[in-house]
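Remarks on the structure that follows.
The values are calculated or read from the model by the stated rules, or taken from the named source; none is laboratory data. Just so we're clear, the structure is a prediction, and the values are computed from it rather than from any experiment. All Cβ positions, glycine included, derive from the backbone under ideal geometry; neighbour counts span all protein chains shown.
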Amino acid sequence: MIGTKFRLKNTPPQHVLDLEPGSTSADWRRHANGGGWVFRTAKVAETAYIGPNAVVYGTAEVLDRAKVCDHAWVGGNARVCGRARVYGDALVDDNAVISGNAEVCDGAAVYGNAVVCGNAAVFSTAKVFGRAKVFDRAAICGDAEVCGDAEVFDYAKIYGNAVVYGSARVCENAAVFGNAEVGGRAQISGDARINE
């Protein structure tokens, strides 16, 4: 409609209030850049974008030009910074860090002390947790999991129902997929393809 302004409601929905037990509408505010919900103890830079249905809670930080869009949630002590994007129904929680140009999207979850940075992407319903690190241009997708102290980097891809755990490293152009599991101190590199 011409001449009609879009106006956001100032009362958080119940599912937002439930993220911080005992919180009231007064504990939440709409972020000026995007209109998403921010809890009073969370820190969001003016330059960051929080979409109208996105939520930042706990003592989480969204800094720089980072974006949290759609129905994504960033909570706990998590930090999203640089030009990183969290969107779809993604969750970033605990002490996780998403930085650089990294993306976490769809129904993916990054939590624990995990780090996703550089131009890495975590999507579909993939999970990265523990002290795992995903960086460079690595991609984690499908129902894959990267956990423990595992590292996935360069152009490596983990997908399907694959699990990379322990102190394993997957790098270069390697791919781990299907129902494969790579753990311990394994190192998968080059153009290796691990499928089970």
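Every condition in (1) closer than 19 Å to Val146 by Cβ; (2) surrounded by 23 or more Cβ atoms within 10 Å (Cβ to Cβ) holds for Val56 except the one numbered (1). Exactly one residue out of Gly51, Gly36 is assigned by TED's automatic domain parsing to the domain that holds Ala114, buried (at least 24 other Cβ atoms within 10 Å of the Cβ), in contact with a strand residue (DSSP E or B) (Cβ under 7 Å, 6 or more places away or on another chain) and not hydrophobic (A, V, I, L, M, F, W, C), and it is Gly36. Considering the conditions (1) out of contact with any Ser or Thr (no Cβ under 6 Å at 6 or more places or on another chain); (2) in a loop (DSSP other than H, G, I, E, B), Gly107 is excluded by exactly one of them, (1).
Table: residues versus (1) in a loop (DSSP other than H, G, I, E, B); (2) among the polar types (S, T, N, Q); (3) assigned by TED's automatic domain parsing to the domain that holds Val55.
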| residue | (1), (2), (3) |
| --- | --- |
| Asn101 | yes, yes, yes |
| Asn119 | yes, yes, yes |
| Gly130 | yes, no, no |
| Arg137 | yes, no, no |
| Gly142 | yes, no, no |
| Asp149 | yes, no, no |
| Glu172 | yes, no, no |
| Val176 | no, no, no |
| Asp191 | yes, no, no |
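Annotation: Asp27 fulfils all but one of (1) more than 27 Å from Val128 (Cβ to Cβ); (2) among the charged types (D, E, K, R); (3) out of contact with any helix residue (DSSP H, G or I) (no Cβ under 9 Å at 6 or more places or on another chain); the unmet one is (3). What about Phe123, is it modelled with pLDDT of 95 or more, more than 9 Å from the chain's Cα centre (by Cα) and under 30 Å from Ala45 (Cα atoms)? Criteria not met by Phe123. Taken together, the residues in segment 64-76 that are in a loop (DSSP other than H, G, I, E, B) and either under 15 Å from Val116 (Cα atoms) or charged (D, E, K, R) (or both) amount to 4. The residue that is surrounded by the fewest Cβ atoms within 10 Å (Cβ to Cβ), among those in segment 8-33 that are charged (D, E, K, R) and over 17 Å from Gly76 (Cβ atoms), is Lys9.
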